[in-house]
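Written below as structure tokens is the structure these notes are about.
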Amino acid sequence: METGKLSIIRARYFNDKMSGKGFNIFIDGKDVGKVPFDEAKTFELPEGEHKIYAKVNWCSSKVFNVNIKANETKELELGLTNPVTRPRFIITIIFAILWLGSLIIGKAFHIEWLREIGFGTLYAFILYDIIILRKKSGVYGVTFGRKDYLYLKELGNQDS
């Protein structure tokens, strides 16, 4: 039987190295390996229709159908549906500093109103995450959006 190739390329993000994990690739229901940060993996597959999806921890991508032809190389990009951007990362760090700082200083100096500001900051961050970010929220991504946390998309094909 004739074969073709499927190349899966990881999309790059500014905080991608922090995950440290590869994304598991499943082809026709079988775990065929991981695609780590800043790498691509190529798989030789028999020609025909194949179902592909990626998974990391309990989150995954939707199933992607790809038709492989003899002596053809298909390229798929694999990435996060809603990656953390620099502004979102900075906002999260600011909220964390305000929250922890007010709790620690409030407890150390017995300033009750400062500790309450710390809890208010935490509530404000949760509201920001749910109301402003909605489906781009990290909380949404690992709960209701866990089956759409990753994406696969075709980049183009090259005949060999």
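The values are calculated or read from the model by the stated rules, or taken from the named source; none is laboratory data. Given the structure is predicted, the values throughout are model-derived calculations rather than measurements. Accessible surface areas use protein heavy atoms only, side chains included; no ligands, DNA or RNA. Shrake-Rupley method; radii C 1.70, N 1.55, O 1.52, S 1.80 Å.
Under the Kirkwood approximation applied to all pairs of distinct alpha-carbon atoms, what is the hydrodynamic radius of region 1-80 in Å? Roughly 13.0 Å, rounded to one decimal. Computed over protein heavy atoms with a 1.4 Å probe, the carbon and sulfur contribution to the accessible area of the chain reaches 61%. Probing with 1.4 Å while keeping every protein chain in the model, the per residue accessible area of the chain equals 64 Å². Amide H contacts of Phe43 (H built 1.01 Å from N, in plane; Pro and chain starts excluded): Leu6, Ser7, Ile8 sit under 5 Å, all sequence-distant by 5 or more or on other chains.
Using the alpha-carbon atoms, what tilt in degrees (0 to 90, nearest 10) does helix 112-127 show relative to the longest principal axis of the chain? The angle comes out at about 30 degrees.
Just to confirm the number: angle between the C-alpha axis of helix 86-108 and the first principal axis of the chain, 0 to 90 degrees, nearest 10? In the chain, helix 86-108 runs at an angle near 30 degrees to the longest axis.
Annotation: amide H-H contacts under 5 Å for Phe23 (H modelled 1.01 Å from N, sequence separation of 5 or more, or interchain): Val35. Taken one residue at a time, the phi angles of region 66-75 give Karplus couplings (6.51, -1.76, 1.60, θ = phi - 60°) of 10, 9, 9, 9, 4, 6, 10, 10, 9, 10 Hz. Gly and Pro are set to x. The value for region 80-134 of Rg(Cα) / (2.2 N^0.38 Å) is 1.31. Applying the Kirkwood pairwise sum to the alpha-carbon positions of the chain produces a hydrodynamic radius of 18.1 angstrom.
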